[in-house]
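The values are calculated or read from the model by the stated rules, or taken from the named source; none is laboratory data. These figures come from a predicted structure and were not determined experimentally. Every residue, glycine among them, receives a Cβ derived from its backbone with ideal geometry; neighbour counts consider all protein chains shown.
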Amino acid sequence: MKKLAPVAAACLYLFACDVIASAQTSMNASDYFTSGDQILFAKAAAKGDIASIESSLRKGMDVNVRGKEGMTPLLFALANQNLPGFECLLRHGANPNLQDEGGDSVISFAAIARDSAFLNLAIKTGGDPNIVNPKTGQPAIFRCIEAFNLENLKVFIAAKANLDAQDRVGDTPMAHAANINQYDLVFTLLSAGADPLIENRWGRTLMSRLTKNHVNPNSEMYQWRSKVIELLNSKGIQIQR
C-alpha cells in the first residue's frame, strides 16, 4: 500500500474520528508551524477564534503562511473540522488551491470531510473543482468517490466539475465508483451527464464493470446497480441484469 505523506495521514485520521476532541490530540499546531505567532494563528483557526484570527491578520500575519510539509492555516482548520475558522480564513483571502508536499489541496481533503459545507465554501471562494494532484495525477473528485461521500459528489456536480476527468489509468470518477461497487454514486454521475463509454488504457468502460458484477443481490448497492442498468437502457445502451 502506498505510504501517505504525514499531512495526508493526519488529516485522514482526523476525518475518520467520530469525536473531534480525541482527534485533535494527534495533530498539534507546533508539529507544523515554527514561530510562536504562526502557532497561535493556526490554533485560533482550529478553534474558530475569529477575534484572534483577525487580530493576527491586522498585525501582518500571512493568511497563507506555509508550515512543514506544506501545511496551511486553512488546511489546519479543515483538519480540525472547524467551519467558523475555515470560513473566516477564506473570507480573508486564504487560498484553497495551495497543495501540500504530497500534492493534495484543501479541495481534495474537503472532498472526504463528512460536512459538505467545507467543500462548498472552498469552491465558492475560488477553489478549483478540477484541481489535480500533480504527484498522483488524480483529480480531487475521486477523493469523494473513495470516501463514499454522495453529498460531496453533489457539490462537485453543482460546481460544474469535469465528470469525465481521467486518472493515470484512464478511469473516470464513474468507473472508479463502479470499481468499488458504489452504484448510488454511479447513478448520480450518470444522471448528471457523465459519459459511460469512455475507455481506460485497457479498453474497459462502465459496461464491462457492470457485466462483471460481484455485488450481493440482497444488498442496497445491487438495487442501485439495477437503476444504473435501467438508466443506460433508456439511453439506448443495452445491458443485461
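Data for the structure
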| item | result |
| --- | --- |
| The listed residue being in contact with a Pro (Cβ under 7 Å, 6 or more places away or on another chain), buried (at least 17 other Cβ atoms within 10 Å of the Cβ) and in the same structural domain as residue 144 (by TED's automatic domain parsing), out of 121, 78, 74, 40 | 74 |
| Residue 143, sole failed condition from (1) part of a loop (DSSP other than H, G, I, E, B); (2) in the same structural domain as residue 120 (by TED's automatic domain parsing); (3) basic (Lys, Arg) | (1) |
| Those residues of segment 115-146 which are hydrophobic (A, V, I, L, M, F, W, C) and over 18 Å from residue 75 (Cα atoms), in sequence order | 142, 145 |
| Residue match in segment 209-217 (condition: crowded, with 19+ Cβ neighbours inside 10 Å and either among the charged types (D, E, K, R) or free of Cβ contacts under 8 Å to residues at least 60 places away in the same chain (or both)) | yes |
| Scope segment 47-71; condition crowded, with 20+ Cβ neighbours inside 10 Å and touching a residue at least 60 places away in the same chain (Cβ under 8 Å); matching residues | 71 |
| Candidate set: segment 154-178, residues that are of a type in the set (Gly, Ala, Ser) and under 15 Å from the mean Cα position of the chain (by Cα); chosen: the one surrounded by the most Cβ atoms within 10 Å (Cβ to Cβ) | 177 |
| Residue 192 of a type in the set (A, V, I, L, M) and surrounded by fewer than 21 Cβ atoms within 10 Å (Cβ to Cβ) | yes |
| Filter result for residue 113 (hydrophobic (A, V, I, L, M, F, W, C), in a loop (DSSP other than H, G, I, E, B), in contact with a Pro (Cβ under 8 Å, 6 or more places away or on another chain) and within 25 Å of residue 49 (Cα to Cα)) | no |
| Flag for residue 181 being part of a loop (DSSP other than H, G, I, E, B), surrounded by 12 or more Cβ atoms within 10 Å (Cβ to Cβ) and at pLDDT below 95 | yes |
| Residue check for residue 96: of a type outside the set (Ser, Thr, Tyr), closer than 22 Å to residue 73 by Cβ and part of a loop (DSSP other than H, G, I, E, B) | yes |
